[in-house]
Amino acid sequence: MDDAARLTWPGSLQAAAALQAELARAVVLAGNPCGARYIAALDASHPTRFSRQKGPSVAVAVLWDRQTGGVLEVAAAQMDAAELFPYIPGYLSFREAPLYLAALARLSRLPEVLLVDGQGIAHPRRLGIAAHLGVHLNLPALGVAKTLLWGRPEGVLPLEAGSAVRLLDGGAQIGWLFRSRTGVRPLVVSPGHRVGMEESLALVRLLMGKTRLPEPLRQAHLHAGLQRRQANVR
């Protein structure tokens, strides 16, 4: 991938919100990635003020091969957390996208789809991290988040594995609440770019393993934590 890919960061929250609104107008909510073979799963790990861990923020891109059902390669990038955009809910992409772009640039092949630990359009300005990256790179992208940022479920989500209800913002659907395992907390699935609403949920279902997270994202989560621990002891 092109190592020269960069994003220009705004100097204020007002400018950041305006940029999000502008990019959101470029989001395409159509496309079926279910036939894609190579998927890049993205996750990040940061030091927190409540943790004794120090060191850099780390992001990984796990290249997943759906034909073999396994990891082809893992690329990582790290930056000093103090150099990143501050953590502010609703503006996560400005903090994490530089890390993800650096990790993606180190993969040996261009993925067909981005699967991101975060929101797609289930976001107050319809531009979560998956949508931001998808538009910036013009790649199909979808978000799978562990917590709800925006919207309300259309109804009660059953406890059974595989259950899903639409996530709404007013009258518009912005994603799904998806119960991946019986009795566990649901995931928030939302398209980011060049992926349809139904197709986003269909792809996540295809990628499920034996745990709460889709298997490529589980691998990305494990590798991000490992990279952070290794960076912390250097």
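The values are calculated or read from the model by the stated rules, or taken from the named source; none is laboratory data. Since this is a predicted model, take the numbers as computed values, not measurements. Cβ sites come from the backbone with ideal geometry, for glycine too, and all protein chains shown count toward neighbours. Each accessible area value is taken on the protein alone, full model and side chains, heavy atoms only, with ligands, DNA and RNA left out. Shrake-Rupley method; radii C 1.70, N 1.55, O 1.52, S 1.80 Å.
Rounded to the nearest 20 debye, what is the charge dipole size of the chain about its Cα centre when +1 sits on each Lys and Arg Cβ and -1 on each Asp and Glu Cβ?
Magnitude of the dipole: close to 640 debye.
Rounded to the nearest 500 deg cm²/dmol, what is the calculated helix-only ellipticity per residue at 222 nm for the chain, with -39500 (n - 2.57) per DSSP H run of length n ≥ 4?
Here the helix-only value at 222 nm equals -8500 deg cm²/dmol.
On the protein heavy atoms, probe 1.4 angstrom, tell me the percent of accessible surface of the chain carried by carbon and sulfur.
52 percent
For a quick protection proxy, order the peptides 170-181, 129-140 by their average other-Cβ count within 10 Å, most packed first.
Answer by packing, highest mean first, reads 129-140, 170-181.
Under 15 Å from the Cβ of VAL74, count the other residues' Cβ atoms, weight Lys and Arg +1, Asp and Glu -1, and hand me the total.
Taking every other residue near VAL74 into account, the sum is 0.
Starting from the residue with the highest accessible area, list LEU159, LEU13 in decreasing order, probe 1.4 Å.
If we order LEU159, LEU13 from most to least accessible, we get LEU159, LEU13.
Which of rounded, prolate or oblate describes the chain when judged by the alpha-carbon gyration tensor and an a/c cut-off of 1.5?
Here the chain falls in the rounded category.
Taking the Cα centre of the chain as the origin and placing charges on Cβ (Lys, Arg +1; Asp, Glu -1), which of ALA141, HIS223, VAL189 is farthest toward the positive end of the dipole?
So the residue furthest toward the plus end is HIS223.
Per residue, what accessible area does the chain have, given a 1.4 Å probe and all protein chains present, in Å²?
Heavy-atom accessible area per residue stands at 46 Å².
Would you mind checking which residues have amide H under 5 Å from GLY192's amide H? H placed 1.01 Å from N; only 5 or more apart, or other chain.
Answer set, sorted by chain and number: ALA141, LEU142, GLY143.
ASP80 versus ALA26, label points 7 Å from Cα toward the beta carbon: distance in nm?
With each label placed 7 Å out from Cα toward Cβ, I get 3.1 nm.
Does segment 120-234 come out rounded, prolate or oblate, given a ≥ b ≥ c as the square roots of the eigenvalues of its C-alpha gyration tensor, rounded meaning a/c under 1.5 and, failing that, prolate meaning a/b above b/c?
oblate
Step through the residues of segment 71-77 one at a time and calculate ³J(HN,Hα) from phi using the Karplus curve (6.51 cos²θ - 1.76 cosθ + 1.60, θ = phi - 60°), rounding each to whole Hz and writing x for Gly and Pro.
Going residue by residue, I get 7, 7, 7, 10, 10, 10, 9 Hz, with x marking Gly and Pro.
Summing +1 for each Lys or Arg and -1 for each Asp or Glu, what net charge is found among the other residues whose Cβ lies under 15 Å from the Cβ of LEU222?
For residues surrounding LEU222, the net value is +2.
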